[in-house]
Amino acid sequence: MYTPVSDRGGGGAVNTSFTSASARAAAAAAARRRSAVGFNTSARRSPFTTPGRSTPLNRSLQASQLMEGSGQYTLESYGASLPALVMEALTFADRNVEMSAVLSQCGWAWLVCGRRLLVWRYKVDDSRRLVNHQFRELTLPPSDLAHRAQLVVVYAANEGQVPACVAASPEGFVRFWPSIAHEGSYFEVSTELQGQECDSLVFLGSSLGCLLATTTSTTLLIQPGQGSGGNQTINVRQLKVPAGLLGGISRRVSSLVFGSMPTQAPEARLVRAVAVPGAESDERSVLVLSANSLQKWYLIPNEPDKLVYECNVEKYIREGFVDHVWGRERAGATQLRVWLVDMQPTSGVSSVMVLTAAVNPQVSQQLVYALATMDTGGSAPPLAVGNFSVLKHSEYYQDSAENVLLSQRFLLCANTAYIYNKNTVLCVSAVGEGDSGDRVEFSGAGDSILGVGRSQGLPLFFSANHGIVSIAPSQHLNQSSMLLNESVAEDTSRLCEALNISSVGLEAITASQDQTARLQAAFLHFNKNNIPQAQALLDELFPGADNSTLDATVISLSTNLLDDSPATDPRWAESNEAGGTGAPMSLILQNQLRDKTTAHQYYINFLHQTGLWQRLSVGQVEETRVLTRVLLAEHAEQLAFATSLRTRHNDHQHLIDAAIRHVLNERGETPKGKLTHADLFYRRVSQIEDIIWGLLRAQEEVLAADVAPRDAPATIHSVNSLVLALLQSARVGSASISGITGTANDPPLEHIPWTATQGSRGVRTLLLEQHNTTVEVGLARAEDGATRAKLYTQMVDLADCILTGYQPQLRSLVSVSHDLHQSLLRSYERDRYNLIQPLVQGEQYDQAVGLAEKYCDFRTLVEVCDRTDNQERLSQYMTQFGSEGFSDFVFRWYLETGKRGRLLSHGDQGGLSRFLQDYTSLAWLHQIQTRDFSSASTTLRQLGLDEMTYLSRKKTLLSLSKLCNLAANVPGSADTSVMEDDTMTLEEELILYQEQLPEPVLNAHSLEADTMRVLSPTELVHLYTGDENTYANEFDFKKALDLLAFVPGEEIPELKKDIWVRAVLRNSWHHMDTDNPLEAISDTLLFKTIELAFTQGTDIKELLLPAEELLECEELGDLKEDATFKFLVNAGYEKISQLVG
């Protein structure tokens, strides 16, 4: 019986970043051997290179490669090198962003970093030749929780076919790409999990789809397919036992219409869901292990789900711990705490192995692990544990660390279980009594296990620092090491043979004073394994830390490799243009390009191995400064572009031949001797992008000719197909080059990719021209829907290429120049809209939306939703792009297009209240709609006070404010209420004064009651007392005097004087009867106004001007000197004084 012993800290921590405990001696010996090599091994490597993984062309990247050895297990790198963008993501990812990966048995790998999904092919074929990386990047659905690679499935229905992808967000939004080659073309569905969180996605086969399992053990079947109308749909249904006549009928959910799922009862914690093959190739058994029970389902396409059994397996595990660890005399089954940690199917698929853990609190806090095997092959549930293997590895249990201790997972390969967590793999025997195992630590700085998988019977681990590695018993490696060594030697021999063409003059170029020639000599010596000579040359060329000429020399040699001609071709010898680097040996163009590609890849390896790669910084091409590493990667892309062009030459011979002639004519080059146009063109790979310009000129000739209507779209389609295929080939050309992103020490530079250059012959300019031609000529002349559909698809791909080309340039300008970045951003946004708009006009909404989502073209997204009246999709975008200001963009778009009703229909979604704070003319409508009457009253009051355009509007706004205040029924403080009441009363009085203006005044000033503007109190005074008021009486002048209460204090004296002077001038004073002065003045407007004011209780003393001041007014003219006038006024004032005493 096994007695648990504490293993806390047992064995010690491994200091090396990726070694096994028993491999330390071998590692030390290997280090001593490496120190004897002539090169500087202290130069920093890329974090993704591994010992021996020295070159992307070395056979070690095309098959497993020995890394470190131990007594029982050996570590080896596996499969293809990581694509550049994967390495970039691992190197520069935000520490707060969780990353995870999956290595599928079908040879595809994927890495999840935030919402980025990076997919590539990692497996090599049987001939150990590296297949294309077939790298793709997709965007995962929006999520508030961290995405996980375990919620993604990439699968291909047939071998060699571009795979499809299904991805689920933790909240249950499922996104399906029929082809990962078209990242913008996908379909979505919401599984309506009612708050449950997704745990894993298991592929069941093309017929059944995928199994989505939640953390609470709810299981759903996700089946991408086609609906009755041919449109893609995603079927979502929960696994459940058929009930009655309608049992088992799936709920079909369109990718654009989101259905609902019944709320699920809470279930137990999910441990693992696995699928094993059934009786037929398209049938599957699904095993779902929860915290204490095991479910087995049997699924057959187009048939109801069958729940084979559900049983409690935790009790059998509990009994196993009692019998094999503590014994009946020391422990009862009920006092143990038992956890089911993980589950894997065995190789026979008729049983499963469960990793379990238990602690007996009454004995100790030692957490014991065991592997239990149970038979699950039949229709009856397991009744016992078949094999119970207790591991000699235990942990000290603490409640606070429970999640960490139980986060172990394991892989089962043959008879070995590989138990792992983020930083450790424990390799133990899965049969018989448990052994102590061999521990492998991934403990280097920043290292961790991001994902796992199986391939060809080997367990694979994805290391953040070392890429894909496998751990296998040493015997397996011993049997294969001879074959590996032979294949590596074979590749090295072939390379040396390819470069041997220049060895005749090797001594001459070694002694040359030209730095490029001497670097070439070091390169040749290196590949002929003359390491000391190569190192000596490099020390002379670039001594110490002197990098002054390094970048220019490295760029020069790389360009020479691209533009070299075959030295063995007598036709080039006759033209005196024979090659110098010796890269191309073949006389056949396709093979020449292959040799150049091989030489360039070995050149990159040479730079890595000699430590020059890490020293590279900034070079110069013509007058443009560039990052040298990036330029070398672009050279690899140009080689891939040229190779792809030559491969397709026969399929488009007339088109490509015509394009080549245009290019050579433009360059002023003519074939000499027996050389052909193709020989001249394919030699200069560094200018290979000129073919795009040539293709467009050849296309112009066809379109300008008198051809049949259908020939124009066919020609455009051919050119589009060719250009897109070439650009796609270029994108994978640099995938095997590591470390191309530069370092933090590199200066900020604008980076314009060679596939996104500007100018009359720049690739971006030409692609924009071709897109425009496709729209204006191709679509216009297309005679059938099928042709238009093909052209629309190509328009999407062209737009994708153009917009993708903008991204590196925009990113680089952020740290270079704000003005340049903003200028380019405006160009990008203009081109983005113009590229997508033809799809909208052609009602290709799905394709338009795909591009608009990918490149955040909010204008297009809003226009499409408005055209299709799809408010549900618009609401989804408000959530998806909420942090990027999408809601505000939508609201502004509604305002600019005059669709204010649509704007207000959004309620308070997307922060409409906040947005409308700057648009108070609409805010009050929204506040009333949301029943915020108090805020509406305040807003309307302020609008009314500010309104100066229309009097009628001012009156309406103030009236509505009062109504909203009544509706709110929220009394304010006493002071505030008085202030608001007084202000509103004064405003209402002013409105009334303006509304009472006499008709002659309105006519004289062309004012209409409904449209006149708001007049100031001063203006009203002048209108009431002015000459235009021909029938003015004492009431008009009294109103003018009352209006003084609304006039600023400093203006009152002057206005008061004007009013009284105008009142005086309304009458003739020269012939009045001075014998009866009081009777004479009683009919004057002056004294009528005074009498009216007196009868209304006005303070006459305050209202009147003093008689002396009135009689001195210059505005009175001759009256100022008229004795009669003075007499009458003084007599009237005397009478008034008596009356007011």
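For a bin width of 10 Å, list the pair-distance distribution of segment 768-818 built from all Cα-Cα distances, rounded to whole %.
24, 37, 20, 14, 5
Determine the share of segment 268-407's accessible area contributed by carbon and sulfur atoms, expressed in whole percent, with a 1.4 angstrom probe.
Summing carbon and sulfur atoms, their accessible area is 46 percent of the total for segment 268-407.
Could you work out the mean projected area of the convex hull around the alpha carbons of segment 1016-1140, in square nanometres to one decimal?
7.5 nm²
Using a simple spin-label model with points 7 Å from Cα along the Cα→Cβ vector, what separation in nm is obtained for ALA705 and ALA1004?
Distance between label points: 8.5 nm.
Quick check on packing: order 299-308, 636-645 by the mean number of other C-beta atoms within 10 Å, highest mean leading.
The packing order, highest mean first, is 636-645, 299-308.
Taking 0.36 nm per intervening residue step and subtracting the Cα-Cα distance, what contour gain separates TYR950 from ASN870 on full extension?
So the chain would gain 25.0 nm between TYR950 and ASN870.
If the only charges are +1 at each Lys and Arg Cβ and -1 at each Asp and Glu Cβ, what is the size of the charge dipole of segment 1016-1140 around the Cα centre, to the nearest 20 debye?
340 debye
Could you give the length gained by full extension between THR1095 and ARG269, i.e. 0.36 nm per residue of separation minus their alpha carbon distance, to one decimal place?
288.2 nm
Express the relative contact order of segment 817-896 as a whole percentage, based on alpha carbon pairs under 8 Å and six or more residues apart in sequence.
It comes to 20 percent, rounded to a whole number.
Write down the Kirkwood hydrodynamic radius of segment 633-816, to one decimal in angstroms, obtained as one divided by the mean of 1/r over all alpha carbon pairs.
17.6 Å
What order, most packed first, do the peptides 646-652, 418-424 have when packing is the mean number of other Cβ atoms within 10 Å of each residue?
Ranked from most to least packed, the peptides come out as 418-424, 646-652.
Can you tell me the alpha carbon radius of gyration of segment 656-699 divided by the globular rule-of-thumb value 2.2 N^0.38 Å?
Its radius of gyration relative to the 2.2 N^0.38 Å reference: 1.04.
Calculate the spin-label point distance for SER443 paired with LEU820, positioning each point 7 Å from the Cα along the beta-carbon direction, and give it in nanometres.
4.7 nm
Nothing charged except the Cβ atoms of Lys and Arg (+1) and of Asp and Glu (-1): what's the magnitude of the dipole of segment 633-816 about its Cα centre? Round to the nearest 20 debye.
The calculation lands at about 360 debye.
On full extension of the chain, what length is gained from SER206 through GLU989, given 0.36 nm per residue of separation minus the C-alpha to C-alpha distance?
Going from the current span to full extension adds 273.9 nm.
Considering only LEU813, LEU825, LEU791, whose Cα is most displaced toward the positive end of the charge dipole of segment 787-829, charges sitting on Cβ of Lys, Arg (+1) and Asp, Glu (-1)?
Among LEU813, LEU825, LEU791, the one farthest towards the positive end of the dipole of segment 787-829 is LEU791.
What is the distance, in nm, between label points placed 7 Å from the Cα along the Cα-to-Cβ direction at VAL404 and at ASN834?
According to this spin-label approximation, the distance is 5.8 nm.
Can you check what the net charge comes to around SER760, using other residues whose Cβ is under 13 Å from the Cβ of SER760 (Lys, Arg +1; Asp, Glu -1)?
Its environment carries a net charge of 0.
What is segment 1016-1140's relative contact order, in percent, from Cα pairs under 8 angstrom and six or more apart in sequence?
Answer for segment 1016-1140 is 25 percent.
Report relative contact order for segment 633-816 in percent, whole number only (criteria: Cα-Cα under 8 Å, sequence separation at least 6).
Normalised by residue count, the contact order of segment 633-816 is 28 percent.
Based on the Cβ-Cβ distance of VAL1140 and ASN969, what FRET efficiency does E = 1/(1 + (r/R0)^6) give at R0 = 41 Å, to the nearest 0.05?
E(calc), rounded to 0.05, equals 0.30.
Taking R0 as 56 Å, what's the FRET efficiency between SER179 and GLN513 from their Cβ-Cβ distance, rounded to 0.05?
My answer for the efficiency is 0.55.
Given a cut-off of 32 Å, name the pairs among LYS315/LYS392; LYS954/LYS1039; LYS954/LYS1038; LYS422/LYS528; LYS962/LYS1088 whose C-alpha atoms lie farther apart than that in the structure shown.
With Cα atoms farther than 32 Å apart: LYS422/LYS528; LYS962/LYS1088.
Go through SER1082, LEU1119, GLN1096 and say which Cα lies farthest out towards the positive end of the charge dipole of segment 1016-1140; charges sit on Cβ, +1 for Lys and Arg, -1 for Asp and Glu.
GLN1096
Tell me, Kirkwood radius of segment 831-890 from alpha-carbon pair distances, in Å?
The Cα-based Kirkwood calculation yields 11.3 Å.
Based on the mean of other Cβ atoms within 10 Å per residue, sort peptides 536-548, 794-806, 177-189, 272-284 so the most packed one is first.
By packing density, highest mean first, the sequence is 794-806, 177-189, 272-284, 536-548.
The values are calculated or read from the model by the stated rules, or taken from the named source; none is laboratory data. No experiment lies behind these values; they were computed from the predicted model shown. When we count neighbours, we look across all protein chains shown, and the Cβ atoms used for this are built from the backbone with ideal geometry, even at glycine. Heavy atoms of the whole protein, side chains included, go into the accessibility calculation; ligands, DNA and RNA do not. Shrake-Rupley method; radii C 1.70, N 1.55, O 1.52, S 1.80 Å.
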